[in-house]
Amino acid sequence: MSAHPPKLIVVVPCYNEEQMLPVSNVLFADEMAALVESTRISPDSRVLFVDDGSTDATWQTIVDLAKSNNRFIGIRQSRNRGHQCALWAGLMEARTLGCDVTITIDCDGQDDVHAFAAMLDEYEKGADVVYGVRSDRSSDSFFKRFTAECFYHLQAAMGVAAVFNHADYRLLSIRAIDALSRYREVNLYLRGLIPLIGFQSAQVSYKREKRLAGESHYGVFKMLAFAGDGITSLSIRPIRLVLGSGILLTCLGLVALLVLLLLSLFHLFCNNTALILSAMAFLSGLNLTAIGIVGEYVGKAYLESKSRPRVIISNRTWEKQQEDI
């Protein structure tokens, strides 16, 4: 790594976080000041807030923070595009701003900012990617812990190369960001994409804390949709499972049909209506499930074929038009 302190840009996606930002910005400011003072990072390091098309006063709060502290800068997406697109927008903006290294972290204060130093230690040892791994999730509800662990195991079973108990708290070197920029998927799932880069990586453990203010914007349905995107964006194993199941059920159905015909011929089993109806209902449900899974992939291919831009930035705090906001 370079002998001079690296320029760090911390990317913080925000969506309707007007209650959280006045609290979390203090954590970021204090940690960045400590790292600059200890010469771990360069004085021109910044915290980049990415407003994901919020409908509350999040953007105005970011603008006010940028005016009060030159450590803070911000960009705003033209509309809500989702957490992963907000992260992507921040990473690509950090690349444009000439960073040496980035750290992505959520705005809610649950990820320990004091792990920045440990991540930088691994970066200095040669790691281009450093994953923040949650060692303690006691602050989460039982339901959230259970569903999260099921999701990680399901990803592994489906062939997605994701890191267990890792969300989106990670360090990326500029080399890793350059490589990531070459991936052109519209359906972004960074937790699965970044391990595909293949550079040297490391892990840093930290304790997950309770949310400091406001409420989580990730409900059950959003989590399920995110889980589906994560699997179908990076693995075709579900299609192969459906194909294998279809072949197996076709064979079993043929055998069952032959057995029923033989039993009927010898009058050993006459009342088979309920059995046939049950089999038809089961196979019809499986067929619809299979069509839905295939349709999910066809839909994603349709979206990819359009080559629409992932993000559109409508405002930046350092642009002239923001001075009078």
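Assorted remarks:
- Paramagnetic reach from ASN80 (point 7 Å along Cα→Cβ, amide N under 11 Å) across the range 40-56: 52-56
- For the range 31-146, the alpha-carbon coordinates run over 42, 39, 24 Å along the three principal axes, in decreasing order.
- Between ILE313 and ARG175, the modelled label-to-label distance comes to 2.5 nm, taking each label 7 Å out from Cα in the direction of the beta carbon.
- Site pair ALA34 and GLN60 shows an inter-label distance of 3.3 nm when each label is modelled 7 Å from Cα along Cα→Cβ.
- Note, ³J(HN,Hα) from phi for the range 71-83, Karplus 6.51, -1.76, 1.60, rounded to Hz, x at Gly and Pro: 6, 9, 9, x, 10, 10, 6, 5, 7, 5, 10, x, 4
- Set LYS7/LYS207; LYS125/LYS207; LYS7/LYS125; LYS67/LYS125 screened for pairs whose C-alpha atoms are more than 28 Å apart: LYS67/LYS125
- Close amide H partners of ALA202, meaning residues 5 or more places away or on another chain with modelled amide H under 5 Å apart, are VAL129, VAL130, TYR131.
- Evaluating 6.51 cos²θ - 1.76 cosθ + 1.60 at θ = phi - 60° for every residue in the range 111-127, the Karplus couplings come out as 8, 6, 5, 5, 7, 3, 4, 5, 5, 5, 4, 5, 4, 5, 7, x, 6 Hz, glycine and proline recorded as x.
- The simple spin-label model puts a point 7 Å past each Cα toward its Cβ; for MET280 and LYS207 those points are separated by 6.1 nm.
Values quoted throughout were computed directly from the atomic coordinates according to the rules given, and no laboratory measurement underlies them. Predicted model, so just to flag it, every value in this text is computed and none were measured. Because the Cβ atoms are built from the backbone with ideal geometry, glycine has one as well, and the counts that use them run over all protein chains shown.
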